[in-house]
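Here the structure comes first, spelled out in structure tokens, and everything after it is commentary.
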Amino acid sequence: MIKQRICIVGDGLSGLMTAGVLSKVSGIEVTLIAKKGINIADKRTTAISDTNYKFINQNITTFRQKLFWPSKKIELFYETSKEKINFLNLNETNSNLMYVFENDKVKSKLLKEISKSKIKLIRKDLKNLGELKNYDLIILCIGGQSKIYNNITKIRPISKDYKEIAITGYVKHNYKTLNTSQFFLKEGPLAILPFSKNYFSFVWSVKKHFFENNSKKITNLLKNRITELIKSKQNITVSNIQSYPITLSLRRQYHLKNILILGEGLHTIHPVAGQGFNLVLRDIKKLKEIIKYYVSLGISLKNSYALDDFYNSRKPENTIMSLGVDFTHNFFKQNKYLDPFKEIIVKNIKNNETLKKFSKIISNRGLSL
Ligand SMILES: Cc1cc2nc3c(=O)[nH]c(=O)nc-3n(C[C@H](O)[C@H](O)[C@H](O)COP(=O)(O)OP(=O)(O)OC[C@H]3O[C@@H](n4cnc5c(N)ncnc54)[C@H](O)[C@@H]3O)c2cc1C
């Protein structure tokens, strides 16, 4: 049987993970096109759900668990003018709620595996989709901004500029116990994600003008704010500070003929709930199932309904989850008229066991209940 040829473009987490997962499907040959030079200057961490962690480990067999730091507890706090209300604690005794990994480490590991595997790695900056006409399926994982998408769809995505910046970085500390926490602060949400014994990362989403006004003293500002939040007397070290503009962009068209958009190009969402890459992993899982099915029937991917099937099965969840994250962001945004009501709501959430159960299921498995 002649192997079907799939070309994946982009060496971000989406492209590398898609290449790793699809290369295990029999009957296909995978090529990965990535820009010259290793792109691992991403000093962020990513939190993934337990189900997605299991999916990665079942599909990328050589991954060592050491790269993933488990969390059994997540705490949510809401800052009012007087206090910080701990309004939701999620616990899991028998399994883990989520895992955190360092983007650069996982990317280098995936790249190393790919260069040793049967995946063909081509180092170039793709300019023209015409160069890829010999492939049965083309998957573009080229981030949220590429102009190449204009050749695929003229339909404008659902989009919004939050006019916010996500400040990320690492903190070295000496605490014995530190849980994954999300603080809804007056400046914007700040997440703390432990990823090793003495390190946690943070993501603080703040207004653009706040970031610009404080950019020169940002390290000290972060140090003081974080020390105050975790009520520490010990010294902490803040490093690897990076900043990312925050936008919402949801594609309404996913593919043209045999060319599919995947990853940030399909859905870029607010980082407040750490759901972006979780959605990508669920997309990859579904895409693998669909490709496996068509290939097993001997149907050429080039002229099949595989990408229509993908669109129909993933678009509803991607849209609902992304807009849900947008709703969460809006709910916790400061508003002097609504804040007194929000205080009442968050104080009551604590005792709502159904809501706790529901939040855990949705963040673990998405809407595939
Ligand atoms: C601050 C922040 C925190 C986040 N935290 C979380 C989290 O905790 N949990 C979670 O699930 N998600 C999170 N996300 C989302 C997550 O980071 C992304 O979903 C993930 O990194 C996937 O990105 P990507 O690979 O699709 O795109 P990118 O990382 O943008 O990669 C695109 C790649 O394509 C390459 N490329 C572009 N054009 C070309 C071309 N023409 N030819 C060849 N190569 C090309 C680029 O060089 C790049 O390597 C977060 C996002 C942000 C901004």
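A few comments on the model shown:
- Remark: spin-label model distance residue 233-residue 212 equals 4.2 nm, labels positioned 7 Å along the Cα→Cβ axis.
- For residue 5, the residues 5 or more places off, or on other chains, whose built amide H falls under 5 Å of its own are 29, 136, 137.
- Distance between modelled label sites at residue 292 and residue 339, nm, 7 Å Cα→Cβ extension: 5.1 nm
- The antiparallel fraction among DSSP beta bridges confined to the chain stands at about 70%.
- Counting neighbouring Cβ atoms within 10 Å and putting the fewest first, the residues 5, 314 line up as 5, 314.
- Added length on full extension, which subtracts the Cα-Cα distance from 0.36 nm per residue, residue 328 to residue 350: 6.3 nm
- Along the stretch 346-361 the Karplus relation, 6.51 cos²θ - 1.76 cosθ + 1.60 evaluated at θ = phi - 60°, assigns HN-Hα couplings of 5, 5, 8, 4, 2, 8, 8, 5, 5, 4, 4, 4, 4, 4, 5, 5 Hz to successive residues, with x for each Gly and Pro.
- Inter-centroid distance (Cα atoms) of the stretch 170-212 relative to the stretch 318-369, Å: 19 Å
- Value at 222 nm in deg cm²/dmol, rounded to 500, when DSSP H runs of n ≥ 4 in the chain each add -39,500 (n - 2.57): -11000 deg cm²/dmol
- With Cα atoms defining each centre, the stretch 46-113 and the stretch 1-26 are spaced 25 Å apart in the structure.
- Listing 204, 69 from fewest to most neighbouring C-beta atoms within 10 Å gives 69, 204.
- Taking amide H atoms as placed 1.01 Å from N in the peptide plane, the amide H of residue 98 lies under 5 Å from those of 71, each 5 or more residues away in sequence or on another chain.
- Amide H contacts under 5 Å for residue 121: 32, restricted to partners 5 or more places along the chain or on a different chain, H placed in the peptide plane at 1.01 Å from N.
- Volume per residue of the C-alpha convex hull in the chain, rounded to whole Å³: 150 Å³
- What the phi angles of the stretch 282-290 give under the Karplus curve with 6.51, -1.76 and 1.60, with θ = phi - 60°, is a coupling list of 5, 4, 5, 4, 5, 4, 4, 4, 5 Hz, glycine and proline written as x.
- Among the listed pairs 66/118; 43/147; 105/127; 35/223; 172/216, those with a Cα-Cα distance over 32 Å are 35/223.
- For 244, 135, 78, the sequence from fewest to most other C-beta atoms within 10 Å is 244, 135, 78.
- Under Karplus coefficients 6.51, -1.76 and 1.60, residue-wise ³J(HN,Hα) of the stretch 209-224 in Hz, glycine/proline x: 5, 5, 5, 5, 5, 10, 4, 6, 10, 5, 4, 5, 4, 4, 4, 5
- In the elastic network of the chain, a GNM with C-alpha springs shorter than 10 Å, the most mobile of 207, 336, 172 is 336.
None of the figures in this text is laboratory data; all of them are computed from the coordinates on show. None of the values given here were measured: they were computed from a predicted structure. Reconstructed Cβ throughout: ideal geometry from the backbone, glycine too, with neighbour counts over all protein chains shown.
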